[in-house]
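K.L.:
Have a look at this one before I ask anything.
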Amino acid sequence: MTQAPNRRTAVETLRWVGDERGYLVLIDQTRLPLELVERECRDVETVWEAIKELRVRGAPAIGIAAAYGVVLGLQSAALSQSSALGARLEEVIAYLAKSRPTAVNLFWALDRMRAKGTALLAQSASGNFLGGLLAEARAIHEEDRAICRAIGRYGAELLAVGGGVLTHCNAGGLATAEYGTALSVFFTCQDQGKRLHVFVDETRPLLQGARLTAWELAQRGIEATLICDNMAGQVMREGKVQAVVVGADRIAANGDTANKIGTYSVAVLAAAHGIPFYVAAPTTTFDLAIDSGEQIPIEQRSREEITHGFGRQTAPDGIAVYNPAFDVTPARLIKAIITERGVIEPVSRETIQAAIGPTKRRT
Ligand code: MRU
C-alpha cells in the first residue's frame, strides 16, 4: 500500500506498472476522502476483492480493473500450452464476472478480453499471449479517457451558465479512467469558463456522493453543496436546481437505466418539478441484449451497510433490512442520454438502436 501523490486536477483511478509481468495499482476509494491511498493488485484475487469491496467502483472503472485482472490471472508461468491458456482464460473471466452483477461494463470488458485472448491463441501467438492481453486492457483504459472527454463536451452544451445542477452517487474520474461521465459534464463546463453550482446527494448508505463526488469537485474548485438524499425535493422546490445529471450502470434496449440506489427517486422528483433529468454514460454501458430495466440484475448488499454504517451501529439488533445497491429509472423520466457519440433524445428503443447499433454479450 502506498500514499498516492496529491494531484489537484487529475485523478488516476487505475494504473498498470511495468510490462505484462507487472501489476495494477488503484486508488482505494474506501479510504477517501480522508486518505488518498493506493492499493497494489498483484493477482486476480486482489482485483476481485477490490471490485467486490468497492475499493474500485463505478461502471467503467470496474470494467478497466477487470481487464487488467485478466492479465494478472494469466501470468502463471506454468501455462505454456495453448489449450491450458484457453481454459485458464475462461476460468479467470468466469471468476471476475462474479465480483459484481449490475454494471454491464464489467461483462463488456471481459467479453472483449476473451475475444482478444481467443484471437491470439488462434494465431498461435501464445508466445506473446500476455503482452497481447495487456495491450487490450491498456486500449480499454485509454479509450475510456477519450470517451469521458467526449461525453463532457456533448453534455456541457445542455447546461445553462450559472445554473444549479444536482448529481447522485459518483460518476467522476474515480468511477472511470480519468474524467468521469456526469462529472465530466461539470468539469468541461468549468474548462469552458461556464459557472455552475453542483448539489451533491450524499448517497446513502455508502456515501459515494459525500466521500467521492464532493472530494472530486473540491479538488477542482467547483462550487458545490452537499445535501442529504432526502433534501433533493426541497432544493428543487426552492428553485435551486435547473438540471439533474447522473451516471449509469446499465441501460436496457428501451432506455430504462440502472444507477445507484436513489437515482429513481431523484428522477421522479425532477419530473414533478419540471426539471430535465439527464443520464451521462458511454456506449459500453448499454446492454441491448436485454429488453427493459425489468431484466437488469440488481446487486443486494449486506445488512451491515445500513445497520452499522462505517462501523457504528445505528439500528436495533435483529431489524429486517433491505439493501439493493441500484434502482432502475424508467426511460420516460429521462430527457436525454449523453454518450460519446452524441446526445440521444428522445430516449426510445428506436433512437437508442440508431445510436448504438447491435450488440452481443456472452459473459
Ligand atoms: O456501487 P457503485 O459505487 O459502483 O455505484 C456507482 C454508480 O452507481 C455510478 O453512478 C455509475 O457506475 C456510473 S459511473 C460513471
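K.L.:
Could you tell me which numbered condition residue 68 fails, if it satisfies all but one of (1) surrounded by 24 or more Cβ atoms within 10 Å (Cβ to Cβ); (2) outside any helix (DSSP H, G or I); (3) away from the ligand (no atom under 16 Å from the Cβ)?
P.N.:
Answer for residue 68: the failing condition is (2).
K.L.:
Of the conditions (1) within 16 Å of the ligand (Cβ to nearest atom); (2) over 19 Å from residue 329 (Cβ atoms), residue 279 fails just one. Which one is it?
P.N.:
Among (1) within 16 Å of the ligand (Cβ to nearest atom); (2) over 19 Å from residue 329 (Cβ atoms), residue 279 violates only (2).
K.L.:
Moving on to the next point. Give the residues of the range 9-58 that are in a strand (DSSP E or B) and without any contact (Cβ under 8 Å) to a residue 40 or more places away in the chain, sorted by residue number. Give the derivation first.
P.N.:
Kept after step one, since they are in a strand (DSSP E or B), are these residues of the range 9-58: 14-17, 23-27, 37-41.
Hits for the range 9-58 are 15, 17, 25, 26, 37, 38, 39, 40, 41.
K.L.:
I need the full set of residues from the range 84-123 which are touching a Phe, Trp or Tyr at 6+ places or on another chain (Cβ under 8 Å) and among the polar types (S, T, N, Q), in order please.
P.N.:
Across the range 84-123, the qualifying residues are 99, 102.
K.L.:
Tell me, yes or no, whether the range 175-182 has at least one residue that is more than 24 Å from residue 324 (Cα to Cα), assigned by TED's automatic domain parsing to the domain that holds residue 244 and more than 14 Å from the ligand (Cβ to nearest atom). It would help to see each step written out before you state the result.
P.N.:
In the first step, residues of the range 175-182 are kept if they are more than 24 Å from residue 324 (Cα to Cα); the result is 177-179.
From the residues that got through so far, the ones that are assigned by TED's automatic domain parsing to the domain that holds residue 244 too are 177-179.
Of the ones still in play, those that are also more than 14 Å from the ligand (Cβ to nearest atom) are none.
The answer is no; no qualifying residue exists.
K.L.:
Which residue, of 200, 241, 266, 245, is in contact with a helix residue (DSSP H, G or I) (Cβ under 6 Å, 6 or more places away or on another chain), part of a loop (DSSP other than H, G, I, E, B) and surrounded by 20 or more Cβ atoms within 10 Å (Cβ to Cβ)?
P.N.:
Values: 200 fails: part of a loop (DSSP other than H, G, I, E, B); 266 fails: part of a loop (DSSP other than H, G, I, E, B); 245 fails: part of a loop (DSSP other than H, G, I, E, B).
Just a single option satisfies the conditions, and that option is 241.
K.L.:
Quick check: is even one residue across the range 37-50 within 13 Å of the ligand (Cβ to nearest atom) and either touching a Leu at 6+ places or on another chain (Cβ under 6 Å) or at pLDDT 95 or above (or both)? Before you say what the answer is, go through the steps one by one.
P.N.:
Initially, the range 37-50 is screened for residues within 13 Å of the ligand (Cβ to nearest atom), giving 50.
Going one step further and asking which of them are either touching a Leu at 6+ places or on another chain (Cβ under 6 Å) or at pLDDT 95 or above (or both), we end up with 50.
Yes, the range 37-50 contains a residue that is within 13 Å of the ligand (Cβ to nearest atom) and either touching a Leu at 6+ places or on another chain (Cβ under 6 Å) or at pLDDT 95 or above (or both).
K.L.:
Inspect all residues belonging to the range 75-84 and state whether any of them is crowded, with 19+ Cβ neighbours inside 10 Å and among the aliphatic types (A, V, I, L, M).
P.N.:
no
K.L.:
Please tell me if residue 334 is under 24 Å from residue 179 (Cα atoms), in contact with a Gly (Cβ under 7 Å, 6 or more places away or on another chain), of a type in the set (Val, Ile, Thr) and surrounded by 22 or more Cβ atoms within 10 Å (Cβ to Cβ).
P.N.:
Taking the combined requirement at face value, the residue satisfies it.
K.L.:
A further question follows. Look at residue 263 and say whether it is closer than 21 Å to residue 175 by Cα, touching a residue at least 40 places away in the same chain (Cβ under 8 Å) and of a type in the set (S, T, N, Q). Write out each step before concluding.
P.N.:
Working: closer than 21 Å to residue 175 by Cα: yes; touching a residue at least 40 places away in the same chain (Cβ under 8 Å): yes; of a type in the set (S, T, N, Q): yes.
Yes: the conditions hold for residue 263.
K.L.:
Taking the range 85-111 on its own, how many of its residues are charged (D, E, K, R) and crowded, with 21+ Cβ neighbours inside 10 Å? Write out each step before concluding.
P.N.:
The first filter runs over the range 85-111 and keeps only residues charged (D, E, K, R), leaving 88, 90-91, 98, 100, 111.
Applying the additional criterion that residues be crowded, with 21+ Cβ neighbours inside 10 Å yields 100.
Number satisfying all stated conditions: 1.
K.L.:
Report whether or not residue 190 is touching a residue at least 12 places away in the same chain (Cβ under 8 Å) and more than 13 Å from the ligand (Cβ to nearest atom). If you could, list the steps in order and put the result at the bottom.
P.N.:
Details: touching a residue at least 12 places away in the same chain (Cβ under 8 Å): yes; more than 13 Å from the ligand (Cβ to nearest atom): yes.
Considered against the rule, which asks whether it is touching a residue at least 12 places away in the same chain (Cβ under 8 Å) and more than 13 Å from the ligand (Cβ to nearest atom), residue 190 comes out as yes.
K.L.:
What are the residues in the range 193-213 that are away from the ligand (no atom under 13 Å from the Cβ) and out of contact with any Gly (no Cβ under 7 Å at 6 or more places or on another chain), if any?
P.N.:
193, 194, 198
The values are calculated or read from the model by the stated rules, or taken from the named source; none is laboratory data. Note that this is a predicted model, so its numbers are computed, not measured. Note that we place each Cβ from the backbone using ideal geometry, even for glycine, and neighbour counts take in every protein chain shown.
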